[in-house]
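Reading through the structure tokens given below for one structure.
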Amino acid sequence: MSKLRDLVRQAGRARPQAIGFAGTTQRTGTRAVVVVALVADAEEAGAAAKADAAALLYTGPADGVAAVIEAAASRPVGCRLDAATGADAAALAEAGADFLVLDDARAEAAALRPPELGVMLLLAGDEDEEQLRSLAMLEPEAALVAHPTETTESGRVSARALTKLRRRAELLHAPLAIEAGALDADTLEAWRDSAAPIVVVPAGRVVDAVAAASEVPPPRDADHRRERSTLPPAVAASRAESREHDHEDDEDRLRRG
């Protein structure tokens, strides 16, 4: 398992730390949204690390990844190589990269080979359910998608966009990473609750992204998360009440029988 996937799992368990009478969200590794910075060189990597990005995604030439990893100050570093070869993947793994972002139609099958290198798939957005189920067999750590374009009249993320995100994640059996446009806490929380807990931003926007992510509340109680994450609160409450009545009716029947 890559360090990126571990960050996502920690984000799913994030809880606020109480300080006096106030609560504050935990830092980097346990923030409820994982902020990944796009960096082109070691200088940008160092700046992103200082800005408290949780991880870095290097977009420069493969031979520069070692300098980026050194500048990342122990943060996980991924590398985007759409048409990665087996040799590329082996070199990245040897250099200490954590994950590889690739296009499954252009990358060599051998690029999936290094066990220590997590794989993040690129999704174009036009994949049907059969394709997504097939991609799930590659066991990706995550999938990178574009910023959702379906919005409300006020420009906010729409309910339809969120259902599409969740469906893609469910078919892939993997969380989604979104190349972000909006960086407000409400949008990030909506994405997180729709199985997209990773936000990818240019190095220059890390400060804003981290500030917004820090305002996202921790996930709901794990004991109820599954139902609450898939049903509106009113519907979940109604179903819970219905189950309670059914249970009472069963008890009455048992007593009468």
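The values are calculated or read from the model by the stated rules, or taken from the named source; none is laboratory data. Quick caveat: nothing in here was measured; it's all calculated off a predicted structure. Counting neighbours? That spans all protein chains shown, and the Cβs are built from the backbone with ideal geometry, glycine included.
Remarks
- Test set (1) modelled with pLDDT of 90 or more; (2) small (Gly, Ala, Ser); (3) more than 22 Å from ASP6 (Cα to Cα) - SER242 fails condition number: (1)
- Filtered residues of segment 110-124 (kept if in contact with a helix residue (DSSP H, G or I) (Cβ under 9 Å, 6 or more places away or on another chain) and in contact (Cβ under 8 Å) with a residue 12 or more places away in the chain): ALA110, ALA111, LEU112, ARG113, PRO114, GLU116, LEU117, GLY118, VAL119, MET120, LEU121, LEU123
- Within segment 78-109, the set of residues being over 13 Å from LEU121 (Cβ atoms) and in contact (Cβ under 8 Å) with a residue 40 or more places away in the chain comprises just one member, ASP98.
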